[in-house]
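Supplied in structure tokens, the structure appears directly below.
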2 protein chains.
Amino acid sequence: MHEDDERYMEEALRMAAAAAEAGDVPVGALVVLDGEIIGRGGNRREVDADPTGHAEIVALREACRTMGRWRVDGATLYVTLEPCPMCAGTLVNARVARLVYGASDPKAGAVRSLYELCDDPRLNHRMAITTGVLAQRCADQLRSFFRAARAKHKARAIK
Amino acid sequence: MHEDDERYMEEALRMAAAAAEAGDVPVGALVVLDGEIIGRGGNRREVDADPTGHAEIVALREACRTMGRWRVDGATLYVTLEPCPMCAGTLVNARVARLVYGASDPKAGAVRSLYELCDDPRLNHRMAITTGVLAQRCADQLRSFFRAARAKHKARAIK
């Protein structure tokens with residue numbers, strides 16, 4: 001773990017909270033290069049009606065617009081939840097140098113849980129990986145969201 | 001194979017050719033629902049400086065804009081090359097019902113070659129898969145592109 005990892009993960013948690021307020025599942029991400037945040041995003045799948053609207057991709061596309069190219073060599077991506085296959089594949093394609101995530105995703109995680117896409121020696125790029133940064137808080141944020149969504153659904157069913 | 005598969009793959013080959021003319025690797029894709037093309041795209045990674053600008057994602061995002069939602073239930077996606085991990089994961093996330101591709105990609109293919117992401121029983125969606133439609137023509141188109149790119153590079157090195 002690097003000394004700034006928790007500070008950046010705090011910011012990713014704030015992006016996730018904003019996504020939840022807009023009605024999306026709370027996941028947040030940042031792209032950091034040379035100590036500067038060059039892309040940030042929360043999950044926007046519902047808001048944009050876009051299957052690629054996960055936080056990692058929103059943040060990476062912003063970083064690429066900032067840099068004017070599709071590679072983010074040297075950059076670190078922070079995200080509150082272990083990336084799914086789509087997002088893990090995007091990090092490889094964008095040549096992210098380092099991935100830092102919070103909570104594990106046993107159902108769809110493609111970095112350690114179901115697959116190891118981000119450091120597969122058969123693919124044309126691999127990255128350094130740090131897991132479990134502020135993991136409990138990242139997991140709690142998701143759990144609270146789904147608990148509230150279930151309660152709302154139940155209340156609606158009773159009415 | 002369904003009776004219209006080759007006809008739709010011909011159209012995907014045309015999208016791929018247009019991508020090559022714009023300077024991108026020739027890959028083309030279509031999204032078809034109830035006999036209607038609701039999204040189409042060629043590879044736009046270089047043109048848009050976007051790591052997610054693969055043909056499948058360009059076509060899917062157009063289909064989602066057309067339908068106003070992030071799911072394309074019932075749709076078939078045609079693509080000239082076996083999807084990479086990013087694209088295979090996107091097809092799962094978008095709930096594509098059927099995937100038809102042309103050439104295999106032994107280096108990064110995530111449907112049959114390196115992974116089987118599109119029908120993994122552990123993920124929350126699986127799709128029907130047809131491989132090898134107009135495979136030779138899809139592969140030849142890519143080979144010609146890379147041969148010409150190498151020749152151009154060599155000519156530049158000699159100058």
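Looking at B:Thr76, is it among the hydroxyl-bearing types (Ser, Thr, Tyr) and over 18 Å from B:His125 (Cβ atoms)?
Numbers: among the hydroxyl-bearing types (Ser, Thr, Tyr): yes; over 18 Å from B:His125 (Cβ atoms): no.
Spelling it out, it is not the case that B:Thr76 is among the hydroxyl-bearing types (Ser, Thr, Tyr) and over 18 Å from B:His125 (Cβ atoms).
I've got another one for you. So which of B:Val92, B:Val47, B:Val133 is in contact with a Cys (Cβ under 7 Å, 6 or more places away or on another chain) and either part of a helix (DSSP H, G or I) or hydrophobic (A, V, I, L, M, F, W, C) (or both)?
Details: B:Val47 fails: in contact with a Cys (Cβ under 7 Å, 6 or more places away or on another chain); B:Val133 fails: in contact with a Cys (Cβ under 7 Å, 6 or more places away or on another chain).
Checking each option against the conditions leaves just B:Val92.
Of (1) facing another protein chain (nearest Cβ under 9 Å); (2) within 12 Å of the chain's Cα centre (by Cα), A:Ala55 satisfies all except one. Which?
A:Ala55 satisfies all of (1) facing another protein chain (nearest Cβ under 9 Å); (2) within 12 Å of the chain's Cα centre (by Cα) except (1).
Which condition from (1) within 25 Å of A:Ala59 (Cβ to Cβ); (2) basic (Lys, Arg); (3) in a loop (DSSP other than H, G, I, E, B) is the one that B:Arg112 breaks?
The number of the failed condition is (1).
Another question about this same structure. In this structure, does B:Ala63 turn out to be within 11 Å of chain A (Cβ to nearest Cβ), among the small types (Gly, Ala, Ser), under 30 Å from A:Glu62 (Cα atoms) and touching a strand residue (DSSP E or B) at 6+ places or on another chain (Cβ under 9 Å)?
Working: within 11 Å of chain A (Cβ to nearest Cβ): yes; among the small types (Gly, Ala, Ser): yes; under 30 Å from A:Glu62 (Cα atoms): yes; touching a strand residue (DSSP E or B) at 6+ places or on another chain (Cβ under 9 Å): yes.
For B:Ala63, the condition - within 11 Å of chain A (Cβ to nearest Cβ), among the small types (Gly, Ala, Ser), under 30 Å from A:Glu62 (Cα atoms) and touching a strand residue (DSSP E or B) at 6+ places or on another chain (Cβ under 9 Å) - is met.
Cβ-Cβ distance below 6 Å, separation of 6 or more or different chains: which pairs start in the range A:1-28 with a residue that is farther than 20 Å from A:Thr131 by Cα and in contact (Cβ under 8 Å) with a residue 12 or more places away in the chain and end on one that is basic (Lys, Arg) and open to solvent by less than 20 Å² (accessible area, probe 1.4 Å)?
Pairs found: none.
I'd like to verify a number: residues in the range B:79-120 that are open to solvent by 20 Å² or more (accessible area, probe 1.4 Å), over 14 Å from the mean Cα position of the chain (by Cα) and within 11 Å of another protein chain (Cβ to nearest Cβ), how many?
Selection size over the range B:79-120: 8.
If you go through the range B:140-149 one residue at a time, do you hit one that is under 14 Å from B:Met9 (Cα atoms) and open to solvent by 80 Å² or more (accessible area, probe 1.4 Å)?
Within the range B:140-149, none of the residues are under 14 Å from B:Met9 (Cα atoms) and open to solvent by 80 Å² or more (accessible area, probe 1.4 Å).
Please work out if B:Thr130 is in contact with a His (Cβ under 9 Å, 6 or more places away or on another chain) and away from every other protein chain (no Cβ under 14 Å). Spell out the reasoning first.
On the way: in contact with a His (Cβ under 9 Å, 6 or more places away or on another chain): yes; away from every other protein chain (no Cβ under 14 Å): yes.
Taking the combined requirement at face value, the residue satisfies it.
Does any residue of the range B:16-28 turn out to be buried (at least 23 other Cβ atoms within 10 Å of the Cβ) and in a strand (DSSP E or B)? Write out each step before concluding.
Keep residues of the range B:16-28 that are buried (at least 23 other Cβ atoms within 10 Å of the Cβ), which gives B:16, B:19, B:26-28.
Pick out the ones that are also in a strand (DSSP E or B) and you get B:28.
Within the range B:16-28, one or more residues are buried (at least 23 other Cβ atoms within 10 Å of the Cβ) and in a strand (DSSP E or B).
The values are calculated or read from the model by the stated rules, or taken from the named source; none is laboratory data. Not measured: the values here are computed from a predicted model. Glycine gets a Cβ as well: all are built from the backbone with ideal geometry, and neighbour counts include every protein chain shown. With ligands, DNA and RNA removed, areas are computed over all heavy atoms of the protein, side chains included. Shrake-Rupley method; radii C 1.70, N 1.55, O 1.52, S 1.80 Å.
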